[in-house]
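I have placed the structure first, in the form of structure tokens, so that the comments after it can refer back to it.
Here, each number is a calculation from the coordinates, and none is a lab measurement. Being a predicted model, the structure only gives us computed values, none of them experimental. No Cβ is skipped: glycine too gets one built from the backbone with ideal geometry, and neighbour counts run over all protein chains shown.
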Amino acid sequence: MKEMIGDATLYLGNCEDILPEINCADAIVTDPPYGINYDSSHTKYKNGVSREIGDWDSKPFDPKPLLEMNLPSIIWGGNCFSSRLPDSTKWLCWVKTARNGANIRQSDMELAWTNCIGRSQVFRHLWIGAYKASESGERNVHPTQKPIEVMAWCINLLKKHLTILDPYMGSGTTGVASLNLGKKFIGIEYNQKYFDIACRRIKQVEHQGNLFLQKHQSECEQLNLI
């Protein structure tokens, strides 16, 4: 199944079946299901909502299909399957707590493997439970949902790449960030529930007329940057 929404093309299905058909992507930005159930140190989702995603979430993640595309890539959770990735000295780090040593049951940070940045970089953005620096008051619709701001940060690192691919789209956050920044987006999602949610969120971006991009352009014009 394929859904076209403005500059977004969304596929419902297994990405391993669909990826061979994709020949127009410029870069990959994704947060794959890297085996939450498989890693015994991650207990939060073992008996909870992650089982909605599918049985594949209980297996160690294999990034081979992504690497074979030979695209500039940002792959979140790469530290969980680093033995299957090329060695890299450059990583992205999202720090999601407000202070060092926060007394929480979640990780203070998340890491992304990448092959397309000049240096390791850190992005600090509070996102722990009900404490959010963005999207405040909005309920998460996916168990591993990331802030739009975090995915927008990633996409901004790919300045010259116009079409962003997320083979593990989930609820569509990468797509929302891509469209907000004036990029084209290709997303693939295996689960019907999250595919429908992604379609709804991306349709909302189209309906709003890309207000995020308009605001960004206005701010740049005021600073004589464009």
*Hey, if you drop one equal point scatterer on each alpha-carbon of segment 111-199 and run the Debye formula without solvent, what base-10 log of I(q)/I(0) do you get at q = 0.20 Å⁻¹?*
-1.06
*So what's the net charge close to GLU68: Lys and Arg +1, Asp and Glu -1, counting the other residues with Cβ under 12 Å from its Cβ?*
-1
*If we count every other residue with Cβ under 9 angstrom of LYS184's Cβ, Lys/Arg +1 and Asp/Glu -1, where does the sum land?*
-1
*Using a 10 Å cut-off on Cβ atoms, rank the peptides 68-75, 160-167, 13-20 from the highest mean neighbour count down.*
160-167, 68-75, 13-20
